[in-house]
Amino acid sequence: MEQFDYRAYPKGSWVLHMLRSQLGPELFRKCIRTYVERNRNSNVVTGDLRDVVEELSGLSYDEFFDQWVFHGGEPALNVTYSWDPKKNQARFTIKQTQKVSDKVLLFDFELPVRLIDSKGTVYHRVAHVRQAAEDFEFPLPAKPAIVRLDPDLTVLADIKFNPPSAMQQAQLKVEDDMLGRLLATRALGGRKDDKSLHLLESVLENDSFYGVRKAAAKSLAKAHTPAALAVLEKNTGQKDARVRREVVEAIGKFYSPEALKILSEGVAAEKNSDIVGAAIESLGKYPVT
């Protein structure tokens, strides 16, 4: 599954976020404040920011700015996972799949990994990625129930990682990891089996974050089965209008007498004009009778 759609945000914002994660919030704020005060009413270049960061941190940031700013592209990672029960090791194979050229290099960076066992114990490890393909082994006391790559979004990278289904299902229950639940909910999209539909139903009805519930509605629409439509119908009364609109739009992805009936009844009962508009837009594809 895709880790995160980083393209939705400007690259400069991601680079600053990565810089903040390396410096820490206090030193990062000090660097930005110093940079702004020192260069007020002046023309600046990226090197001016790098100079301030190096001066206040005491560290070299030549490589950081060279690969993330002065060269193009971002790392595209294809990650596979396995567990070695004999050695009690979590094993990862990480490949950089971006097209390498004079302008786009192989990247050299640290990829945080969070592993959680069945008892809830959390282990943090780091994979220092620098080759086109390489293996990493992390010894653990027990087989992890959940594996999260870059859980705090500190690396600008397109990460493709498909953990086992059991891990994705376990992620749905981690209350303090909203992004993990979101990714697991998206991964269930399009699955038509009863277990997946029940999981999505539970997420749509119970998750604490509206964005995850919206993702559940979208995933149910991708399943495109009568059972999925029935779950969406049950949730047309969601209290959060943002989720209710997503449910209506998901129902609009279906084209059937049942969906027509649900949308028609929804228009009559809905008080939110924005949601009524979404329902009417979906009704427009049905022939007038």
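The values are calculated or read from the model by the stated rules, or taken from the named source; none is laboratory data. Predicted model, so just to flag it, every value in this text is computed and none were measured. So basically every Cβ, Gly included, is an ideal-geometry build from the backbone, and we count neighbours across all protein chains shown.
On inspection, residue 134 qualifies as out of contact with any His (no Cβ under 8 Å at 6 or more places or on another chain) and acidic (Asp, Glu).
Based on what the data block shows, is residue 46 under 30 Å from residue 164 (Cα atoms) and not charged (D, E, K, R)? So residue 46 fails the test.
Would you say residue 74 is out of contact with any helix residue (DSSP H, G or I) (no Cβ under 9 Å at 6 or more places or on another chain) and of a type in the set (Asp, Glu)?
On the way: out of contact with any helix residue (DSSP H, G or I) (no Cβ under 9 Å at 6 or more places or on another chain): no; of a type in the set (Asp, Glu): yes.
Answer is no for this residue.
Scanning segment 86-139 for residues being basic (Lys, Arg) and surrounded by 12 or more Cβ atoms within 10 Å (Cβ to Cβ) gives a total of 5.
What do you reckon, is residue 212 within 18 Å of residue 282 (Cβ to Cβ) and either at pLDDT 95 or above or not assigned by TED's automatic domain parsing to the domain that holds residue 173 (or both)? Spelling it out, it is not the case that residue 212 is within 18 Å of residue 282 (Cβ to Cβ) and either at pLDDT 95 or above or not assigned by TED's automatic domain parsing to the domain that holds residue 173 (or both).
The condition (being under 26 Å from the mean Cα position of the chain (by Cα) and either in a helix (DSSP H, G or I) or at pLDDT below 95 (or both)) is satisfied by just one residue among 135, 152: 152. Would you mind stating whether residue 63 is of a type in the set (D, E, K, R), farther than 19 Å from residue 163 by Cβ and surrounded by 12 or more Cβ atoms within 10 Å (Cβ to Cβ)? The answer is no for residue 63.
The lone criterion from (1) over 30 Å from the mean Cα position of the chain (by Cα); (2) in contact (Cβ under 8 Å) with a residue 40 or more places away in the chain left unmet by residue 41 is number (2).
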